[in-house]
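See below for the structure under consideration.
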Amino acid sequence: MKQLFGPPRALQERPTHYCPGCTHGIIHRLIAEVIDELGVQEKTIGIAPVGCSVFAYDYFNVDMQQAAHGRAPAVATGIKRVLPDRVVFAYQGDGDLASIGAAEIIHAASRGEKITVIFVNNTLYGMTGGQMAPTTLLTQKTTTSPLGRKEGQHGFPLKITEMLALAAGAAYVARVSVHNPTHIARTRKSILEAFKTQIAGRGFSIVEVLSTCPTNWGLSPLESLKWLEENMIPFYPLGVLKAPGGEGMK
Amino acid sequence: MGELLLMKGNEAIGEAAIRAGCQAYFAYPITPQNELGEYLARRMPEESRVFLQAESEVAAINMVYGAAGAGARAMTSSSSPGISLKQEGISYIAAAELPCVIVNMVRGGPGLGSIQPAQSDYFQATKGGGHGDYRLIVFGPSTIQELVDLTGLAFELADKYRNPVMILGDGALGQMMEPVEFPAMDEVTLPLKPWATTGMKGRPQNVINSLHLDPEDLDRHNAHLQEKYRAIARQEVRYELENQDADYFLVAYGTTARVARNAMHKAQGEGHRVGLIRPVTLWPFPDAAFAKVLDRARAFLTVEMSAGQMVEDVRLAVNGRAPVHFYGRTGGVIPSQQEIYEALIKIIQGGEKA
Amino acid sequence: MERVVFDEERCKGCELCTAVCPQKIVHMSDRFNSKGYRVATVTDQEMCTSCTLCARTCPDVVISVYR
């Protein structure tokens, strides 16, 4: 019998600390599969953020740096500028990227840094216990918007990926989701395109992945996938916002 | 002997960094250190090295983290308010044991303060600055030539100890011009860094990290850092001691030491036995210089462009064995030779209590 | 030989794999692993088409698929 599917080499064997049903694990595996497919494990440097995925250096089997909260794009810039022939990716959550790290991500995109950012959006701060994030949807309840997010009080959810698509230095910008096998396959394709964009030296690439947080949403893992599909996708539409040689969904 | 060049302090640091093999410099504008970034904006590309103006001081120090973690000799520079912004990154760099050089051309504070020279970031530089138990190696150069020499040494010690090194200058040093001599371009051999994240070709994964969630693990890591700091304190103390046999000692560093030396000469001309202790390393602090003179010293006068910061380390070094006085100006005022001389004479004449 | 192999110690019992199988043969077993999670399983291996959807949906790299 031939193995059709098994663990990618760019992923360590160590089990993750993520909660049951958390889709970080799927996204980690997809990145590792892409690294394997491109044959770049030995020349890839990843950056772990602050948040649930802070331990990403324990899971990816590539060289890793752990960055201060929100600063992963700056750290990635430092690495890529001194090692321009390496593949550099940053893994960031929505609190990390869209809130405290908003300046770093916008300027990395604007400079056209030849790095790849995987932006995992689960609409809240998971590691600290489910606080409101810039990405929290209107009416969504979190521990710091206990009666639901209200625009007058908490402000509106931020579509930062759309903002990044406006940056001239951004070459590949996409929003994908992992709520079913079809979309998991599309996410894999987008991550592959983002890495290829970097390797081809075309500029900054980012893939926003809509993700679940069953624990802080107070839903089962399966209910969480449904919640993502019904609530997140209408506000955060999926698709390729920008790609080298032409824009729009492919 | 190389040729002597007349250069501004800020530009001299830039050229010295290039001679020391600095491969990446990350800038953000702030007065009074802009000439350093402007100089390197021109010179780094000429040498096929990295110059990048970051979007903030915060980003610049984190770019240093990334570049240093990838094995490059990396540097950033700023002045007081900007250095405050860098503290988070400096704490991470110290914790992850990344070698780098940070230049602080100190200006008056607190807050936005002024753009004139000051020494009021001494606490921040020598006591840690950011969160957690850590130390920077801190140099307090007093001439442009010393800026050049210590910039070279800063890169060397940063790599030797895998520790950030700060050059604590001030606005006056950055702006003044003096003749300087540089080491040749090809004098530096860059050390191998097997720990750096360069891609795991032919070896297991490398990780640059400062997270140690297990209390025992973090306790061990801190013990390791403290052991390193003790080794630095044993091996890297640098200072200048003038007139070891004097009765009274001025204590000053950087620009202030230049004026204090003039005050010393004036007092000597009046027949007083006055010496000068000039710390070159502010951390580790040169306790040894004080140990050499404590048997006969009758009093110390610490002079700073601050409200009194280094004077606390002087008191610790003297440990109650002689009175320690302080004279300081703030806000960008450089104490004059006459002011220092008068403060000294008051002490000598017994009119001043410590 | 089995077509779907579960590394049961890695399973967190999230049930995502059970929802995606076109053959409806992935289900939760009565077994618990050492961490206390009820683990997913396939009993009717002959029905498996080796489509890999369960493995691609699993967040914990529990499942390997053979043909």
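The values are calculated or read from the model by the stated rules, or taken from the named source; none is laboratory data. Remember, it's a predicted structure, so these values are computed and weren't measured experimentally. Quick reminder, even Gly has a Cβ in these numbers, built from the backbone with ideal geometry, and neighbours come from all protein chains shown. The protein model used for the area step is the full one, side chains on, heavy atoms only, and it has no ligands, DNA or RNA in it. Shrake-Rupley method; radii C 1.70, N 1.55, O 1.52, S 1.80 Å.
Among the candidates B:VAL180, B:VAL188, B:VAL165, B:VAL207, single out the residue that is of a type in the set (A, V, I, L, M) and modelled with pLDDT under 95.
The conditions single out B:VAL188.
Please report, ordered by residue number, the helices (runs of 4 or more DSSP H) entirely within the range A:1-108 with at least 3 residues that are within 21 Å of B:ALA24 (Cβ to Cβ).
Ranges flagged: A:72-82.
Among the residues of the range B:77-86, are any in the same structural domain as B:ASP170 (by TED's automatic domain parsing), in contact (Cβ under 8 Å) with a residue 60 or more places away in the chain and within 24 Å of B:ALA12 (Cα to Cα)?
Within the range B:77-86 (the criterion being in the same structural domain as B:ASP170 (by TED's automatic domain parsing), in contact (Cβ under 8 Å) with a residue 60 or more places away in the chain and within 24 Å of B:ALA12 (Cα to Cα)), the answer is yes, since at least one residue qualifies.
If we scan the range B:116-139, do we find a residue that is farther than 27 Å from B:SER48 by Cα, in contact (Cβ under 8 Å) with a residue 60 or more places away in the chain, among the polar types (S, T, N, Q) and open to solvent by less than 10 Å² (accessible area, probe 1.4 Å)?
Yes, some residue in the range B:116-139 is farther than 27 Å from B:SER48 by Cα, in contact (Cβ under 8 Å) with a residue 60 or more places away in the chain, among the polar types (S, T, N, Q) and open to solvent by less than 10 Å² (accessible area, probe 1.4 Å).
Would you be able to say whether some residue in the range B:203-214 is more than 29 Å from B:GLN23 (Cα to Cα) and basic (Lys, Arg)?
no
In the range C:38-67, which residue that is among the hydroxyl-bearing types (Ser, Thr, Tyr) and within 7 Å of another protein chain (Cβ to nearest Cβ) is farthest from A:SER177 (Cα to Cα)?
Within the range C:38-67, the match that is farthest from A:SER177 (Cα to Cα) is C:TYR66.
In the range B:22-31, is there at least one residue being within 11 Å of chain A (Cβ to nearest Cβ), in a loop (DSSP other than H, G, I, E, B), open to solvent by 30 Å² or more (accessible area, probe 1.4 Å) and within 22 Å of B:ILE208 (Cα to Cα)?
The answer is yes; a qualifying residue exists.
Return the pairs, sorted by first residue and then second, in which the second residue is assigned to a helix (DSSP H, G or I), the first residue lies in the range B:298-326 and is polar (S, T, N, Q), the beta carbons are less than 8 Å apart, and the residues are 6+ apart or on different chains.
Partner pairs satisfying both residue conditions: B:THR302/B:MET310; B:THR302/B:VAL311; B:THR302/B:VAL314; B:SER306/B:TYR122; B:GLN309/B:TYR122; B:GLN309/B:PHE123.
Looking at the range A:222-237, which of the residues that are surrounded by fewer than 22 Cβ atoms within 10 Å (Cβ to Cβ) and not charged (D, E, K, R) is farthest from A:ASP96 (Cα to Cα)?
A:LEU222
Which of the following residues is small (Gly, Ala, Ser), under 24 Å from the mean Cα position of the chain (by Cα) and either surrounded by fewer than 18 Cβ atoms within 10 Å (Cβ to Cβ) or more than 14 Å from chain A (Cβ to nearest Cβ) (or both): B:GLY202, B:GLY152?
Sole residue among the options that is small (Gly, Ala, Ser), under 24 Å from the mean Cα position of the chain (by Cα) and either surrounded by fewer than 18 Cβ atoms within 10 Å (Cβ to Cβ) or more than 14 Å from chain A (Cβ to nearest Cβ) (or both): B:GLY152.
Residue by residue through the range A:141-192, note down the ones that are surrounded by fewer than 16 Cβ atoms within 10 Å (Cβ to Cβ), touching a strand residue (DSSP E or B) at 6+ places or on another chain (Cβ under 7 Å) and in a helix (DSSP H, G or I).
Hit for the range A:141-192 is A:GLU162, nothing else.
Does A:THR128 meet the test of being open to solvent by 10 Å² or more (accessible area, probe 1.4 Å) and either at pLDDT 95 or above or assigned to a loop (DSSP other than H, G, I, E, B) (or both)?
Yes: the conditions hold for A:THR128.
For the range A:34-53, which residues satisfy the criterion of being facing chain B (nearest Cβ under 7 Å) and under 24 Å from B:GLU55 (Cα atoms)?
Within the range A:34-53, A:ILE45 is the sole residue that qualifies.
Need the failing condition index for A:THR77 against (1) facing chain B (nearest Cβ under 8 Å); (2) of a type outside the set (A, V, I, L, M, F, W, C); (3) touching a Pro at 6+ places or on another chain (Cβ under 7 Å), just the number.
Result: A:THR77 passes all but (3).
Which one of these does A:ILE31 not meet: (1) more than 19 Å from A:ILE199 (Cα to Cα); (2) of a type in the set (Val, Ile, Thr); (3) more than 12 Å from chain B (Cβ to nearest Cβ)?
The single condition A:ILE31 does not satisfy is (1).
Considering the range C:8-34 alone, what residues qualify as being of a type outside the set (A, V, I, L, M, F, W, C), open to solvent by 50 Å² or more (accessible area, probe 1.4 Å) and more than 9 Å from chain A (Cβ to nearest Cβ)?
Of everything in the range C:8-34, those that are of a type outside the set (A, V, I, L, M, F, W, C), open to solvent by 50 Å² or more (accessible area, probe 1.4 Å) and more than 9 Å from chain A (Cβ to nearest Cβ) turn out to be C:GLU8, C:PRO22, C:GLN23, C:LYS24, C:HIS27, C:ASP30, C:ARG31, C:SER34.
Any idea which of (1) over 16 Å from the mean Cα position of the chain (by Cα); (2) within 14 Å of chain C (Cβ to nearest Cβ); (3) buried (at least 24 other Cβ atoms within 10 Å of the Cβ); (4) under 26 Å from A:ILE199 (Cβ atoms) is the one A:GLY21 doesn't satisfy?
Looking at each condition in turn, A:GLY21 falls short on (4).
Tell me which residues, restricted to the range A:103-113, are surrounded by fewer than 24 Cβ atoms within 10 Å (Cβ to Cβ) and in contact (Cβ under 8 Å) with a residue 40 or more places away in the chain.
Scanning the range A:103-113 gives A:ILE106, A:SER110, A:ARG111, A:GLY112.
Among residues belonging to the range B:38-80 that are more than 13 Å from chain A (Cβ to nearest Cβ) and assigned to a helix (DSSP H, G or I), point out the one that is most open to solvent (accessible area, probe 1.4 Å).
Here the residue is B:ARG42.
Just to be sure before I move on: is B:LEU344 at pLDDT 95 or above, assigned to a strand (DSSP E or B) and either over 24 Å from B:VAL103 (Cβ atoms) or small (Gly, Ala, Ser) (or both) in the structure I sent?
So B:LEU344 fails the test.
Could we say that A:GLY46 is within 24 Å of C:CYS58 (Cα to Cα) and without any contact (Cβ under 8 Å) to a residue 24 or more places away in the chain here?
no
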